[in-house]
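Student: Once you've had a glance at the structure underneath, I'll fire off some questions.
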Amino acid sequence: MQILNRRVRSVGSFLLMFTLIIGLVEVGPALAQESTGAAAKTETAPQTGADGKTPGVSEPDDEETTSAELVEDLFENAKGNEDMRARYERLVNNPIAPPDTRSPRATLESFLVIMQTATEKWLKVRDAYFDGNTFFMTPDQRKELVLVESLLEKAAQTFDLSAIPAASRKRFSIETVLQLQEIFDRIYLPLPDEIPGQAAGSFSLTSDAQTPLPNKWIIPGTSMTIQVQKDGPHEGEYLFTQGTVAEIADSYEEIKTLPLIADRGEDLYQYYIYTPGNLVAPRWYEIILDGPHWLKRSFGNQAYWQWISLFMTGVIFLSAFVAYSRWNARRAVPLDPARRQARRIVPPLLLIIAANVIQFLMEEQINISGDLLQASTTAFSAVIWSAAAWFTYQFLQTIYVWTVRNPSVHNNTLDASLLRTGFQVMSFIVAIVVLGYGATRIGIPIYGVVAGLGVGGLAIALAAQPTLENFISGLLLYADRIVRVGDFFQFDDTSGTIEEIGIRSTRIRALDRTLIIVANADLVKRKITNFSRRDVFMFRHRIGLTYQTDAAALNRILTEIRDLLASNEHVLETPQRVRLIEYADSAVIIEIYANISAADMNVFLEVQEGLLLSIREIVERSGSSFAYPSSTIYLEHGRTEPQPQARVQTDE
């Protein structure tokens, strides 16, 4: 405890030093209510004039009562009705029991009963906490605060909040029910019998119950309307209308200066919005109470100390962002693709954490309210959901990178390439879904989101038609298995090995190691020769032997080459053909034809090389040789038979 007290005093000293500069500025209007802790116990009784009447408030007639008297009468009447009392107790003690909204009277009474119970429990927990000497609330006090918050949210179920964004609906509803309660504490309400419908929790079918209820009922002397819902999830329920909910804040501002006639002692809405924490101010708020008086004054519906806290929070997180950006820029980039991709999920994750922390400090500790609360909640929700979509995309890409690292999935196969494209498309679609859901959370209707995506998709489709064409062409490459990653193929006068088939283009590594990038739409229109898809390789060669080779040697060469092909395990049995096909001008031509089974081109070239060397050995061993193009010239010297005089080599 001593350590906590020292920390509190140190924080208080820093805050007081900071406020010395701000204190020189002209302060704004005084805070309407400054009570908290022990000071909150001081009750403010209604002021009366010399005639005993409350100035500024009209006296009630015989058909009007205050909200406190109305609730008191309800509980008094329930004492003689066990079923009614049990329903009231269930209404306020069962967190999941909804308010009775079957009629205008039931709606109004449910709101007043719930708020009466919530207020009593709230003040009891607050006073007990500040009467104690603990820095933190006890577990029982926290449980009671949870019940108080659930009661305030239950009271808000009597409102039509369909026009309020889901992201800010909780805090908005709590502020609105407190404002409405403060309005009711300053005006007179009609007697229960003057309100249409049965009492809250009443299930008796009397003659009045058979009377048709009006579609709406306006509280006399106000514009507050309770109307039956025609459709939606609350169809048939009587709720305060959207227009009434929107006018409550303005009505409160107009009426807050009037004295309380329900004698609750203080304005709990003022206490709620101008104190830190959730419902009950923490101990450190005593530092602000002990500080300069102007800290508790207000500007723009926020106390000065709240504006100072917001400024300091912004400076701290902005400094942290700048420091992280500089540190991240100096870090070495990992060579491992998986580690590089894993690093990409850190920025959106940090952005989500930072936005949630700032939002928690603003709403739960600094406790901003009003229009600033709704604007900040909407802005931070947009940031959080945008970062969530960004994180989702990068996270799915990280899963892909780590998946292809699996030894069973080779990066140069069709499976890896197809997996890469599939993950890119899936990641983009999931990110768009997350972003669309986030848009509905900040108040954009789902129909507007779908329509926006439809119109935006059409615009994108028209603007990005070549990209979509390339994408579809890439899918055709996969579906038809025209080429695969790692295949050696030729199109037009270009040949090379496929390294990657992407969403838009295909990357080809040429024989000279240059990288060629071809759009998928262009590639599918070309004539493609895929050498890697051959099931066998053709071994077809023609050799020429000299004419000095006699018939016996020629037969021996043919036989040994046939035996050579038959004995090689890579040469298929059929077709195998070794034939003397021609007596050419310069040589005796033998054609050798066979199919070789090989896994790839390298294996085929190795087998072919061995066969060609063996054929040369056979020819040389048989006393023959390979012929080369030549011409023989015969000269006559008076003899009848020509004699060869010289052989002159000519080039063909």
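The values are calculated or read from the model by the stated rules, or taken from the named source; none is laboratory data. This one's a predicted model, so the numbers in the text were calculated from it and none came from an experiment. Don't worry about glycine lacking a Cβ; one is built from the backbone with ideal geometry, like all the others, and counts go over all protein chains shown. To get the accessible areas, we keep the full protein, side chains included, count just its heavy atoms, and leave off ligands, DNA and RNA. Shrake-Rupley method; radii C 1.70, N 1.55, O 1.52, S 1.80 Å.
Student: Check SER625: other-chain or 5+ apart residues with amide H under 5 Å from its amide H, H built from backbone geometry?
Tutor: Those lying under 5 Å, H to H, from SER625 are THR546.
Student: Sort 422-433, 529-540 by packing, meaning the average of other beta carbons within 10 Å per residue, with the highest value first.
Tutor: 422-433, 529-540
Student: How do GLU253, GLU363 rank by accessible surface area computed with a 1.4 Å probe, from largest to smallest?
Tutor: The most accessible residue leads, giving GLU253, GLU363.
Student: Can you give the charge dipole size of segment 244-367 about its Cα centre, rounded to the nearest 20 debye, using +1 on the beta carbon of Lys and Arg and -1 on the beta carbon of Asp and Glu?
Tutor: Computed charge dipole of segment 244-367: roughly 1340 debye.
Student: Using a 10 Å cut-off on Cβ atoms, rank the peptides 169-178, 284-293 from the highest mean neighbour count down.
Tutor: 169-178, 284-293
Student: Right, something else. Could you check how many percent of all C-alpha pairs in segment 137-260 are farther apart than 20 Å?
Tutor: That fraction is 54 percent.
Student: Rank by packing, highest mean first: peptides 140-153, 507-520, with packing defined as the count of other Cβ atoms within 10 Å averaged across residues.
Tutor: 140-153, 507-520
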